[in-house]
Amino acid sequence: LEWVALSAGAKIAMDSGTENMDWIALTLRRLIEFTQGGGEVNILVPGINVGAQPYWNAEATMLMHTRGILVMTPDGAMVLTGKQALDYSGGVSAEDNWGIGGYERIMGPNGQAQYFARDLGEACRILMAHYEHAYVAPGERFPRPAASSDPRDRDVRPFPHGGEFVTVGEIFSDAANPGRKRPFDIRRVMRAVTDQDHEPLERWFAMRDAETGVVWDAHLGGQPVCLLGFESRPLPRLGWVPAYGPDQWTSGTLFPQASRKIARAINAASGSRPLVVVANLSGFDGSPESMRNRQLEYGAEIGRAVVNFKGPIVFTVISRYHGGAFVVFSRTLNDNMEVAALEGTYASVIGGAPAAAVV
């Protein structure tokens with residue numbers, strides 16, 4: 001289902017009050033039944049959505065089991081109560097409706113909107129790009145492979161990027177990077193291994209506090225896949241940093257919102273396309289801040305998503321693999337999971353200096 005959402009909320013009138021609210025509730029029920037039955041709802045928000053419409057949007061695209069995408073434009077906003085009504089009632093408001101529920105300040109950073117488009121035309125192009133990676137024709141198991149001229153036996157260490165060749169070989173060199181301890185840009189590695197003649201599509205790029213998890217829809221050997229990576233360099237935190245939390249996002253570590261993003265990505269790909277994980281993963285952050293922000297719950301959602309995943313999973317260790325990651329990505333969780341490790345990588349139940357991995 002494709003939905004271009006322009007709705008100023010439910011009409012409230014003496015002659016249509018309760019009946020209209022019943023129809024709104026029935027719409028919500030149909031969305032719940034449709035998405036829980038495996039249906040996909042893709043929503044474009046090019047204007048103001050008020051009241052029931054944002055809840056419809058949430059039920060269709062924001063919950064753990066949903067598959068659809070939500071794209072917002074600069075004119076789009078999702079609010080429960082408009083600015084004028086909030087001001088009149090004495091509630092907490094903002095300078096305009098976009099300060100309450102626009103992409104830049106609210107819906108992009110909190111992960112409820114998955115993509116940003118400059119206008120409705122670009123939103124439609126993002127939707128078509130999503131279908132290129134994720135659309136499954138009736139009666140078929142996976143999205144149809146795309147023609148690719150990228151050789152499957154290509155050396156991924158040097159690859160063309162921005163008109164020049166970029167190398168990721170030093171990341172995997174024992175001489176240049178002994179113990180695989182040097183920080184590196186995981187997106188560069190992900191782009192090196194994906195088909196060079198198909199542009200990837202990144203979900204939740206603007207999601208705040210989830211920067212260590214990277215979610216791509218990409219092609220490998222012409223086959224559409226959901227590709228997951230974990231940022232492998234320290235990242236600065238934006239905004240206020242509490243004293244009981246880390247002062248930066250640590251390399252190869254999952255924090256609560258990143259865990260939530262990864263779990264949602266796995267659920268969205270289930271039954272649609274294979275899942276490929278490029279893993280440099282030291283586990284979950286256990287700071288008081290992360291524990292207060294539901295780290296256990298979101299980490300457990302990853303394990304649940306892996307157990308319920310319908311389709312093949314390829315888990316490849318490219319650097320380190322230890323800690324709680326062993327639990328939520330264990331091969332015993334899903335019979336369709338294949339696990340491999342590059343030579344020179346290592347794994348252990350806890351951190352430190354373990355022996356070379358045999359996975």
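General remarks:
- Filtering region 105-127 for residues that are more than 25 Å from the chain's Cα centre (by Cα) and either open to solvent by 40 Å² or more (accessible area, probe 1.4 Å) or of a type in the set (A, V, I, L, M) (or both) leaves an empty set.
- Helices (runs of 4 or more DSSP H) within region 62-134 that include 2 or more residues of a type in the set (Asp, Glu) and at negative phi: 120-134
- When region 6-32 is limited to residues that are over 19 Å from Thr81 (Cβ atoms) and among the polar types (S, T, N, Q), the one that is modelled with the highest pLDDT turns out to be Thr27.
- All positions within region 293-326 that are among the β-branched types (Val, Ile, Thr) and part of a helix (DSSP H, G or I): Ile302, Val306, Val307
- Filter pass, Trp3 being aromatic (Phe, Trp, Tyr) and at pLDDT 95 or above: yes
- Flag for Arg187 being closer than 16 Å to Gln257 by Cβ and modelled with pLDDT of 90 or more: no
- Of the residues in region 275-292, at least one is assigned to a strand (DSSP E or B), farther than 24 Å from Met62 by Cα and open to solvent by 10 Å² or more (accessible area, probe 1.4 Å).
- Among all residues of region 309-317, there is at least one that is modelled with pLDDT under 95, under 26 Å from Arg233 (Cβ atoms) and open to solvent by 10 Å² or more (accessible area, probe 1.4 Å).
- Qualifying residue in region 220-228 (condition: open to solvent by less than 10 Å² (accessible area, probe 1.4 Å), under 9 Å from the mean Cα position of the chain (by Cα) and in contact (Cβ under 8 Å) with a residue 12 or more places away in the chain): yes
- Residue check for Asn57: in contact with a strand residue (DSSP E or B) (Cβ under 7 Å, 6 or more places away or on another chain) and among the polar types (S, T, N, Q): yes
- Restricting attention to region 327-343, the residues that are part of a helix (DSSP H, G or I) and either open to solvent by less than 40 Å² (accessible area, probe 1.4 Å) or free of Cβ contacts under 8 Å to residues at least 24 places away in the same chain (or both) add up to 3.
- Positions within region 26-61 being crowded, with 19+ Cβ neighbours inside 10 Å and assigned to a helix (DSSP H, G or I), in sequence order: Leu31, Thr35, Ala52, Gln53, Pro54, Trp56, Asn57, Glu59, Ala60, Thr61
- Scanning region 33-55 for residues that are of a type in the set (A, V, I, L, M, F, W, C) and either in contact with an Asp or Glu (Cβ under 6 Å, 6 or more places away or on another chain) or at pLDDT below 95 (or both) yields a total of 3.
- Any chance Ala146 is surrounded by 15 or more Cβ atoms within 10 Å (Cβ to Cβ), at pLDDT 90 or above, part of a loop (DSSP other than H, G, I, E, B) and among the aliphatic types (A, V, I, L, M): yes
- Top-ranked residue in region 230-260 [being out of contact with any Gly (no Cβ under 8 Å at 6 or more places or on another chain) and in a strand (DSSP E or B); ranked as surrounded by the most Cβ atoms within 10 Å (Cβ to Cβ)]: Trp249
- Residue satisfying condition, being assigned to a strand (DSSP E or B) and either of a type in the set (A, V, I, L, M) or open to solvent by 70 Å² or more (accessible area, probe 1.4 Å) (or both), within set Val189, Val156, Val214: Val214
- Scanning region 4-23 turns up one or more residues that are under 26 Å from Ala206 (Cβ atoms) and either assigned to a strand (DSSP E or B) or among the acidic types (Asp, Glu) (or both).
- A count restricted to region 58-96 and to residues that are small (Gly, Ala, Ser) and in contact with a Phe, Trp or Tyr (Cβ under 8 Å, 6 or more places away or on another chain) stands at 3.
- Matching residues, region 89-111, being of a type outside the set (Ser, Thr, Tyr) and touching a strand residue (DSSP E or B) at 6+ places or on another chain (Cβ under 7 Å): Asn97, Trp98, Ile100, Gly101, Gly102, Met107, Gly108
The values are calculated or read from the model by the stated rules, or taken from the named source; none is laboratory data. These figures come from a predicted structure and were not determined experimentally. Please note: Cβ atoms are built from the backbone with ideal geometry, for glycine as well, and neighbour counts cover all protein chains shown. For accessibility, only protein heavy atoms count, side chains too; no ligands or nucleic acids. Shrake-Rupley method; radii C 1.70, N 1.55, O 1.52, S 1.80 Å.
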